[in-house]
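Heads up: the structure comes next, in structure tokens.
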């Protein structure tokens, strides 16, 4: 007994040691605290914390939010954990507002923690898996795994946070170790979260490896696998297809349908609760009066545009155009989008439009006509604002201009050569090896416009400083084509043709009246038929869904779908439509009631009756014959041959997918004929003439390896799904959102 107690004491001590935070060990290894990394860093870092998980409700909707292994998840406990995560985000953003997307991510994250704690982690304990603090230290600090770098990446720039980055932009291990060493408060919470996540990942890796190592391909399995892949079968078959007899000619009774349903209930198991809706859409489109009002406003803008100077154009476009978008483009005759050919002969400042071009009224102003070369060749030196290696800000535009201007002076005074500056100064890696030269280009080349203009509107030998979004370029025009053409600079104003508030209210009133007058499933169906409305269907709607096809932002609608009864009708408003929906189907988890699958069961029952009829016909008319051609003649069918078909094949030429027929071909010996069998596509008889066998190698290591890899590749996914299925998880996240 004392020995058992000593063993237990040692186990308890080991567990206690394991539970010691790796953070403490990090501090022991790195010594005294050196300083506090700014809270601003944590604010950035925490942005990557929350990326997956869910919410809930189930059973008693007022007190629980779901269940796992039959254990209810208390709503208040769940929401308390959600609120803790939201508070972290509020603190990091220094704001109280939480958008819907972030809240949904937090709900998912918290729910997945429940699933992990109650479904996955108990398996680790059962098989004796442990993860020591040395392993965690190695993966978090000594040699950070990729997920650590991802956590320390600014989601806006895609780069490691500057405070933790090495000169090349990668994670600096010394800076990160110091950050971990000095972590307090929120920083410490963040480090412990990373530690816990890495620990869980390590547990999962060990568990997956244990499962994969427990799977083994035997010699017999390897032999059969090799044969299936390499052996080929030659056979003749005759089949009477199910589709050769119309379903309408086969009568099935209610008792036939009930018997088939009872005998094959496993076919109608619903693994997840779903809902089905039918709905009509009252689209909010601009009325003729709306279009007229927008046309008048567009004409006013066009008149005002005419008297604006070129310098005033951008400000005016920003004020008048949809979303303040300033759109000024250079076009030639081929790419011109203005429908009036007079633009090619009109003076600068001429305004065209407004034109109704579908979604917008468009107004165009010819700002300038320039004669440009058909093509040009330049070389350049880029003084950029961003470091090409780290993609971090390097200098301001003003600093870049000052440098470029100074270098231009040196070039013109011949105190330095252009080639030398390209090699030593230019920050354009794409042209540096070619002396800054991209070769000949025309106006269709994908360069930024100022760069193209410097060449196409320049003269041979000219050197100038040009600003682009990348910084400042010193550009020398090496050559231009002798042929030239006109380029037209066109400014554009877009006026969206959108419905007015009054139109929206009128359409809502129509939808609301329809919903009020047809507030039952029966009335809804009758009204849709009477008014000849287009009825749309949303099927297999899960409670966790947030979108429906064609209905963005359908969260409230889905929430209603899972609280209302079959036949209920309601109205919902979307950005561009009002929808009146009816719940037409409810499929709960488990074996579906016959009434919900009646059409499918009836179809299958008819197919089953056909099979029995065909089997009787084969057995009666074949008269015991084993010759497929003879059987085909007696049944008025055609015998077909299949040659060199791999045993592993699932498809038969001219027939399609038929696992039963192929399975029969696999199991029939050469020279033998099968009995009449019901297949996937009809009732058949086949005769195997020969099997071309490839000798099985003595060494089956490669075959075993391939089969082990195929099995192991499915292990993680299938084991996790099996555990979830056994756990009987009820997830109702939408009712908490």
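The values are calculated or read from the model by the stated rules, or taken from the named source; none is laboratory data. Small disclaimer: the values here were computed from a predicted structure and weren't measured. Note that each Cβ is placed from the backbone with ideal geometry, even for glycine, and that neighbours are counted across all protein chains shown.
Quick notes on this structure:
- Unmet criterion (only one of (1) under 20 Å from residue 217 (Cβ atoms); (2) at pLDDT 90 or above; (3) out of contact with any helix residue (DSSP H, G or I) (no Cβ under 7 Å at 6 or more places or on another chain)) for residue 696: (3)
- Within segment 531-553, the set of residues being at pLDDT 90 or above, in a loop (DSSP other than H, G, I, E, B) and over 20 Å from residue 271 (Cβ atoms) comprises 531, 532, 533, 534, 535.
- Candidates 671, 624, filtered to the one that is in a loop (DSSP other than H, G, I, E, B) and more than 27 Å from residue 224 (Cα to Cα): 624
- Within segment 714-734, the set of residues being under 24 Å from residue 561 (Cα atoms) and under 24 Å from the mean Cα position of the chain (by Cα) comprises 731, 732, 733, 734.
- Hey, residue 305 farther than 30 Å from residue 582 by Cβ, in contact with a strand residue (DSSP E or B) (Cβ under 6 Å, 6 or more places away or on another chain) and either surrounded by fewer than 19 Cβ atoms within 10 Å (Cβ to Cβ) or modelled with pLDDT of 95 or more (or both) or not: yes
- Taking the conditions (1) surrounded by fewer than 16 Cβ atoms within 10 Å (Cβ to Cβ); (2) under 29 Å from residue 443 (Cα atoms); (3) modelled with pLDDT under 95 in turn, residue 389 satisfies each one other than (2).
- Residues in segment 393-420 that are free of Cβ contacts under 8 Å to residues at least 24 places away in the same chain, part of a helix (DSSP H, G or I) and closer than 28 Å to residue 162 by Cβ: 398, 399, 402.
- When 632, 648, 564 are screened for being closer than 30 Å to residue 506 by Cβ and either at pLDDT 90 or above or in the same structural domain as residue 257 (by TED's automatic domain parsing) (or both), only 564 passes.
- Condition check for residue 664: surrounded by fewer than 14 Cβ atoms within 10 Å (Cβ to Cβ) and part of a helix (DSSP H, G or I): no
Residue-wise test of (1) touching a helix residue (DSSP H, G or I) at 6+ places or on another chain (Cβ under 7 Å); (2) crowded, with 17+ Cβ neighbours inside 10 Å; (3) in a helix (DSSP H, G or I); (4) without any contact (Cβ under 8 Å) to a residue 60 or more places away in the chain.
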site	(1), (2), (3), (4)
199	yes, yes, yes, no
205	no, no, yes, yes
215	yes, no, no, no
238	yes, yes, no, no
260	yes, yes, yes, no
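- Residue 209 vs. criteria over 28 Å from residue 640 (Cβ atoms), at pLDDT 90 or above, surrounded by fewer than 16 Cβ atoms within 10 Å (Cβ to Cβ) and not assigned by TED's automatic domain parsing to the domain that holds residue 676: no
- Residue 606 in contact with a helix residue (DSSP H, G or I) (Cβ under 6 Å, 6 or more places away or on another chain), in contact (Cβ under 8 Å) with a residue 60 or more places away in the chain and within 30 Å of residue 679 (Cβ to Cβ): yes
Residue by residue, here is whether (1) under 16 Å from residue 235 (Cβ atoms); (2) outside the structural domain of residue 537 (by TED's automatic domain parsing); (3) surrounded by 15 or more Cβ atoms within 10 Å (Cβ to Cβ); (4) modelled with pLDDT under 95 holds:
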{"position": "579", "(1), (2), (3), (4)": "no, no, yes, no"}
{"position": "582", "(1), (2), (3), (4)": "no, no, yes, no"}
{"position": "601", "(1), (2), (3), (4)": "no, yes, yes, no"}
{"position": "642", "(1), (2), (3), (4)": "yes, yes, yes, yes"}
{"position": "654", "(1), (2), (3), (4)": "yes, yes, no, yes"}
{"position": "672", "(1), (2), (3), (4)": "yes, yes, no, no"}
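- Inside segment 557-577, residues that are in a loop (DSSP other than H, G, I, E, B) and in contact with a helix residue (DSSP H, G or I) (Cβ under 9 Å, 6 or more places away or on another chain) make up a count of 5.
- The number of residues in segment 309-336 that are over 35 Å from the mean Cα position of the chain (by Cα) and assigned to a loop (DSSP other than H, G, I, E, B) comes to 6.
- Selection status of residue 89, farther than 26 Å from residue 191 by Cβ and crowded, with 16+ Cβ neighbours inside 10 Å: no
- Restricted to segment 435-459, and to residues there that are within 18 Å of residue 334 (Cβ to Cβ) and surrounded by fewer than 20 Cβ atoms within 10 Å (Cβ to Cβ), the residue that is nearest to the chain's Cα centre (by Cα) is 446.
- Selection count where residues are touching a residue at least 60 places away in the same chain (Cβ under 8 Å) and touching a strand residue (DSSP E or B) at 6+ places or on another chain (Cβ under 8 Å), scope segment 611-651: 24
- Filtering segment 528-544 to residues that are free of Cβ contacts under 8 Å to residues at least 60 places away in the same chain and within 29 Å of the chain's Cα centre (by Cα) leaves nothing.
- Residues of segment 505-525 classified as part of a helix (DSSP H, G or I) and either over 36 Å from the mean Cα position of the chain (by Cα) or assigned by TED's automatic domain parsing to the domain that holds residue 360 (or both), total: 9
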